[in-house]
2 protein chains.
Amino acid sequence: MATDLEQRNTQRQAGTLIENPYRISIPEVRPHLGCGRYAIKRVVGDTLHITADVIKEGHDTLAAEARYRLVDTPSGDGEWKTVPMTFSYENDEWSATISLEEIGKVEYTVAAWTDHWASWTDEVRRKVAAGRDVASELLEGTQLVRDAAGHAAAEVAGTLERYADLIESASRQEDALHVAGTPELGRLMAEHQLRDDLTTHSRQLYIRVQRERARFGAWYEFFPRSQGTEPGKHGTFRDAERRLAPVRSMGFDVIYLPPIHPIGVTNRKGRNNSLIAQPGDPGSPWAIGNEHGGHDAVNPELGTIEDFDHFIGAARDVGLEIALDLAIQCSPDHPYVREHPEWFRRRPDGTIKYAENPPKRYEDIVALDLWCEDYKALWNELKRVVLFWISHGVEIFRVDNPHTKPLAFWEWLIAEVHRDHPGVIFLSEAFTRPKRMQELAKIGFGQSYTYYTWRNARWELEQFLRDLTATEQAQYMQANFFTNTQDILHEYLQHGGRPAFKIRVALAATLSTTYGIYSGFELIENTPVRPGSEEYLDSEKYEVRVRDWEAPGNIIGYIQRLNEARRNNRALQLYTNLRFHYPDNQNIIAYSKATEDWSNRILVVANLDPFNPQESTVHLDGAAIGLENWSHYALHDLITGARYEWWGLSGYVRLDPHDEPVHLFRIEPLPY
Amino acid sequence: MATDLEQRNTQRQAGTLIENPYRISIPEVRPHLGCGRYAIKRVVGDTLHITADVIKEGHDTLAAEARYRLVDTPSGDGEWKTVPMTFSYENDEWSATISLEEIGKVEYTVAAWTDHWASWTDEVRRKVAAGRDVASELLEGTQLVRDAAGHAAAEVAGTLERYADLIESASRQEDALHVAGTPELGRLMAEHQLRDDLTTHSRQLYIRVQRERARFGAWYEFFPRSQGTEPGKHGTFRDAERRLAPVRSMGFDVIYLPPIHPIGVTNRKGRNNSLIAQPGDPGSPWAIGNEHGGHDAVNPELGTIEDFDHFIGAARDVGLEIALDLAIQCSPDHPYVREHPEWFRRRPDGTIKYAENPPKRYEDIVALDLWCEDYKALWNELKRVVLFWISHGVEIFRVDNPHTKPLAFWEWLIAEVHRDHPGVIFLSEAFTRPKRMQELAKIGFGQSYTYYTWRNARWELEQFLRDLTATEQAQYMQANFFTNTQDILHEYLQHGGRPAFKIRVALAATLSTTYGIYSGFELIENTPVRPGSEEYLDSEKYEVRVRDWEAPGNIIGYIQRLNEARRNNRALQLYTNLRFHYPDNQNIIAYSKATEDWSNRILVVANLDPFNPQESTVHLDGAAIGLENWSHYALHDLITGARYEWWGLSGYVRLDPHDEPVHLFRIEPLPY
């Protein structure tokens, strides 16, 4: 049977513990995730605060160091770096801070040993203070110095021997002690004394160090086929190129494209998910594959692979990244069906099985079996596809429904890709139970869609954001707050009008460091296919939807200001610095983000009611935002430019959703 | 270097994950301690509630079972037992309860697999409900049954084949479905279907199942040499035997004896810890060893080994256990010094080192070096000593200052002893930092002294007891609440008079399931050697102290009633059921303990002020004690016998320390 890990447990071999007893116990190093089963995630430029418990009998002074190195790079493992740890009596723990300066996988651990010289120094000081004779202790100290000399390089050894001689030959104990207390000797001994009981923490711990985009970015999703100008006419990559500058000027960093591959014809879905496609219906992009190719091909209706290369080059030129959709599924017309029938699930009559979530059946999709007998070939083919798109400049993959594919597959694939391409970001679109979503993130997905669209009330948002940013989840999962998707148009947006759209994008853009909108959001598209449904009417999944991208009533300017505020305020680029404050009125939510040194502080106060003006006193948690009862400051609204003068830890707000439902304040201190 | 454990981390071998991919992820099984590095502890007769997270892609139905077995017994490992787990949608976890019926070490884990038959049944039900044709699904189901038959024993195989035939031959789908839904078929399939992706949790988890005394007992400490009747005359085991019945009648279960071995003469301490002993001074029992022997010998002044055997036999006859003191240290006269000089630390001039905690020096004790080159011989000799006393009927060892000896030594020794003697209890007397105390408990000590003597105020007690009983500490550490020791006479007792003694022993006896007193406590001995010291005047550590064990003013009757209440009320024999309630007056503490079914409920309300009467309304946490606003009940004081009638969730108390400072109520429901 397959098991995740093996563990040789000391307890099973207590009888052998006497053969190789540990000298020092380092029972825990923090942070860790599942005792090292998973890597925690950080971003290059972060510092990591490592703490450790170190336990030894007696009263000797200990020393400890944190060790870390890059591992699993194309050229193997890097060299170990070490950082001394300092002991805190208050917390009874050792700590050090390491800098994460390179993208990749970092292994870290802690080593500890008895600092014999410091122990000896401490012992002698106490005895001298108590008036004791320390002749014997001085002999012991001299021996420690000579032992160190015996293992040191010639020059250092010479210096140490001279110190030993001086101590030995001193006529009075005070003189000997004076020599023994020389700072240079202390430094030499700290470095060269024998670390005879050096012990390393028993677990291997890892950090996945990612590039900044893994944490911070504004995303915009569009369907390339809808980026033309003629209604109903299938757009191309050339058309999509003309949209790059406008999207960039809105302040977005990433454009996410639904699948760009040829689309199946058999059982093609029609408009509004009808079972029969009419001539001219383009089909769902997620029904991948036809005679023109599969996952490594471009839908000829969009263009050629050269057109795609040109498109992604043009995006790079304006500072945009392109994220592709990785959907591991096939239409019945996909080349794999013909070339690798063994990769698919079959019905007893030999026909291929369609993808299902009983009783739902996806008639335009057949089910790949990632546990088929030939699974290694299939997994390697899927890896080849991902590497193919990476070779065409793609560094971000939004993965469709990963919770329907084996965890082991994702864990393997992501690690394989990261070995040579540590900057690639995988976004998990798994709307499922929390533990499944979290497991996907733990085994490698850098970003995850979340329940954001369904968290609208204040208490819901507060609890949800605390779970994301102030629990263990923040060690491994970056939330990507899409306000809407091609599958999800929440009721709040359906009924709340333009104010609701402003509210939800302002919240997304400030609560999380990574957020996105699905195109049409800026145009306040809010019509469901039927009341009570979260599907769009005339969903772009099943037809070409050309829009006037500057239609009146749009909130493009609003989004621009949000993205500008994000770019210009470091506090909004950090994820775990979110703190909530206390408006009296439950319709109003207030939260802040600040840099650690308080140099940049953002306070958001939002009316969650898209219909009615709401007002409230807001009570601030001073400690969370570096303010005191006597503070005097301006609240500079980065959306409107207005400034308000506040004192202390509370103030009054009134927010009219038809005017501006959200204050995005920067706190700017004023003199007394 | 020595490391605790090795771990083969899947991440280091992501490339090989494709070779042996896990089918199902079982990321966590609870409870665990350090991911299996340590065993949790329970008592025989307990049930253990095991929960597990099980994650697989897709929507198949899973099944899981908990597995457990005794390990490391003299006859090897036992057979695995299994218990099916049930899934909770609310908590998204699997759970089962296992019974711990034998003392020893139990290994437990969780296995999970895809329940193909249940998945198929669920799929078919949904499709039928949606009006779909299920001919193909029936073929699949038939195949599942035949596959199961192929691996089953003849008779079962025959039954399964017949079911398959019936399904296949049914003329209508409804009939086929009816057969497929037969409960007998369901049971057979649950048991015999192929568990082709069965996966076991990757970590080995352990429970140390102890005997009940490890959790529940009242302890009494006396010095055998003081149990004579003639003041100043060294008592013997025969004298001590006469004290067994009175101690038992007080309700105690265990008598703990300081070291009973020959006492060193060199540098023997005199009265009140003076550096020079006068002729006739008996010395400190912790300065172990002289010409008459060491750790496996009996101090001739106490008697012979036969006298000890007789004593322990007499104790057993009245239902008392004897706990010995295990102090791993030697006087300068100990046989080891002469026979194994290599086992001791030496000064540079070759003389033996005394035990120290600089600047303090213990002139009557020399330091064994458990890391000497010959450490294996020394460790094995110490094990031999422990086994020697076990062979003489000792099953409890109170270990002196274990934090001055290597953790690895204790981990090894305790495991070695437990293999053949799983009922032996080791009590750690380590007054040191919390993490060190906890590590000793984690690696094997069943009981621990705690900071109880220094927790006197209400808020201190509440926080302290929550730490002990409502955090992870309760998984591995049993607190032993000694009210006083031969080293510790707390200021509260020094100044608070007889009421203080009643308060502190009532708290100890009810807050913890294991508690003790050091003899003299019942006689209100409360004189320190000097003001501000916690040492007793004329400490029994350094002289014979014969008492009149029934001196006037004693609280023997009080202690009897406390121990009687403990014996007769199951709620007081459970450790983690402690809940606090809310008196308005901070001088009064209120807490309860109850059995899980509420059949036995104890409420303690104590005045912590030993000088003045205190009164208060007490607000009860109804959910914690099975009471409601409309409850009507008697509070039956088990100390005085009085009954008070209460309604609902609050009532009034007045406690006069000079009368009875503590109510020990049993809640007895009354009719409306």
task = Would you tally the residues in the stretch A:358-378 being within 10 Å of chain B (Cβ to nearest Cβ) and within 20 Å of B:L144 (Cβ to Cβ)?
result = 4
query = Picking from B:A479, B:A506, B:A500, which residue would you name as being buried (at least 24 other Cβ atoms within 10 Å of the Cβ) and either modelled with pLDDT under 95 or not in a helix (DSSP H, G or I) (or both)?
reply = B:A479
ask   = Among the residues of the stretch B:430-440, which ones are farther than 19 Å from B:R504 by Cβ and either of a type in the set (S, T, N, Q) or more than 12 Å from chain A (Cβ to nearest Cβ) (or both)?
value = B:T432, B:Q438
remark   = Residue set B:A245, B:A277, B:A240, B:A218; condition on the phi < 0 side of the Ramachandran plot, more than 14 Å from chain A (Cβ to nearest Cβ) and at pLDDT below 95; output residue B:A277
message = Looking only at the stretch A:160-178, how many residues end up being at pLDDT 95 or above and hydroxyl-bearing (S, T, Y)?
response = 1
inquiry  = Need a quick list: helices (runs of 4 or more DSSP H) entirely within the stretch B:108-189 having at least 3 residues that are closer than 29 Å to B:E57 by Cα, within 13 Å of another protein chain (Cβ to nearest Cβ) and of a type in the set (A, V, I, L, M, F, W, C).
reply    = B:116-129, B:135-150
request  = Select, from B:V385, B:V399, the only residue that is away from every other protein chain (no Cβ under 14 Å) and touching a residue at least 40 places away in the same chain (Cβ under 8 Å).
outcome  = B:V385
task = With respect to B:E174, determine if the residue is of a type in the set (D, E), within 20 Å of A:R346 (Cα to Cα) and free of Cβ contacts under 8 Å to residues at least 24 places away in the same chain.
result = no
remark   = Scanning the stretch A:473-486 for residues that are farther than 30 Å from A:E540 by Cα, touching a Leu at 6+ places or on another chain (Cβ under 7 Å) and of a type outside the set (F, W, Y) gives A:A474, A:Q475
query = Cβ-Cβ below 7 Å, separation at least six or inter-chain, first residue in the stretch B:268-279 and assigned by TED's automatic domain parsing to the domain that holds B:Y354, second surrounded by fewer than 17 Cβ atoms within 10 Å (Cβ to Cβ) and β-branched (V, I, T): which pairs?
reply = B:G270/B:I276; B:N272/B:V529
task = Looking at (1) among the polar types (S, T, N, Q); (2) surrounded by 15 or more Cβ atoms within 10 Å (Cβ to Cβ); (3) part of a loop (DSSP other than H, G, I, E, B), find the lone condition where B:Q278 falls short.
result = (2)
message = Taking the criterion of being open to solvent by 20 Å² or more (accessible area, probe 1.4 Å), more than 29 Å from A:A214 (Cβ to Cβ), among the polar types (S, T, N, Q) and not assigned by TED's automatic domain parsing to the domain that holds A:A474, would at least one residue in the stretch A:633-653 satisfy it?
response = yes
ask   = Does A:R455 satisfy the condition of being touching a residue at least 40 places away in the same chain (Cβ under 8 Å) and open to solvent by 10 Å² or more (accessible area, probe 1.4 Å)?
value = no
ask   = When you scan the stretch B:15-33, how many residues do you find that are farther than 16 Å from B:V209 by Cα, buried (at least 17 other Cβ atoms within 10 Å of the Cβ) and out of contact with any His (no Cβ under 9 Å at 6 or more places or on another chain)?
value = 7
query = Taking the stretch B:357-383, which residues are touching a His at 6+ places or on another chain (Cβ under 8 Å) and more than 22 Å from B:I263 (Cβ to Cβ)?
reply = B:P358, B:D374, B:A377
inquiry  = Just to be sure before I move on: is A:E101 open to solvent by 30 Å² or more (accessible area, probe 1.4 Å), without any contact (Cβ under 8 Å) to a residue 12 or more places away in the chain and under 21 Å from A:H418 (Cβ atoms) in the structure I sent?
reply    = no
task = Answer yes or no as to whether A:D584 is closer than 22 Å to A:L489 by Cα, of a type outside the set (S, T, N, Q) and without any contact (Cβ under 8 Å) to a residue 40 or more places away in the chain.
result = no
inquiry  = Every residue in the stretch A:232-246 that is of a type in the set (G, A, S), surrounded by fewer than 19 Cβ atoms within 10 Å (Cβ to Cβ) and not in a helix (DSSP H, G or I), please.
reply    = A:G232
key: Count of the stretch A:124-154 residues which are in contact with a Gly (Cβ under 9 Å, 6 or more places away or on another chain) and open to solvent by 30 Å² or more (accessible area, probe 1.4 Å)   = 1
note = In the set A:E416, A:E411, the lone residue that is within 12 Å of chain B (Cβ to nearest Cβ), open to solvent by 20 Å² or more (accessible area, probe 1.4 Å), among the acidic types (D, E) and free of Cβ contacts under 8 Å to residues at least 40 places away in the same chain is A:E416
task = Can you give me the number of residues within the stretch A:59-83 that are more than 30 Å from B:N357 (Cβ to Cβ), in contact with a Ser or Thr (Cβ under 9 Å, 6 or more places away or on another chain) and at pLDDT below 95?
result = 0
task = Considering only the stretch B:654-672, state which residues are in a loop (DSSP other than H, G, I, E, B), open to solvent by 60 Å² or more (accessible area, probe 1.4 Å) and of a type outside the set (S, T, Y).
result = B:H658, B:D659, B:L670, B:P671
key: Residues located in the stretch A:420-464, provided they are among the aromatic types (F, W, Y) and within 19 Å of A:Q210 (Cβ to Cβ)   = A:F426, A:F445, A:Y449
remark   = Conditions (1) part of a helix (DSSP H, G or I); (2) within 14 Å of chain B (Cβ to nearest Cβ); (3) over 19 Å from A:A118 (Cα atoms) -> A:R203 fails only (1)
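The values are calculated or read from the model by the stated rules, or taken from the named source; none is laboratory data. Keep in mind it's a predicted model, so treat the numbers as computed, not measured. Every residue, glycine among them, receives a Cβ derived from its backbone with ideal geometry; neighbour counts consider all protein chains shown. Accessible surface areas use protein heavy atoms only, side chains included; no ligands, DNA or RNA. Shrake-Rupley method; radii C 1.70, N 1.55, O 1.52, S 1.80 Å.
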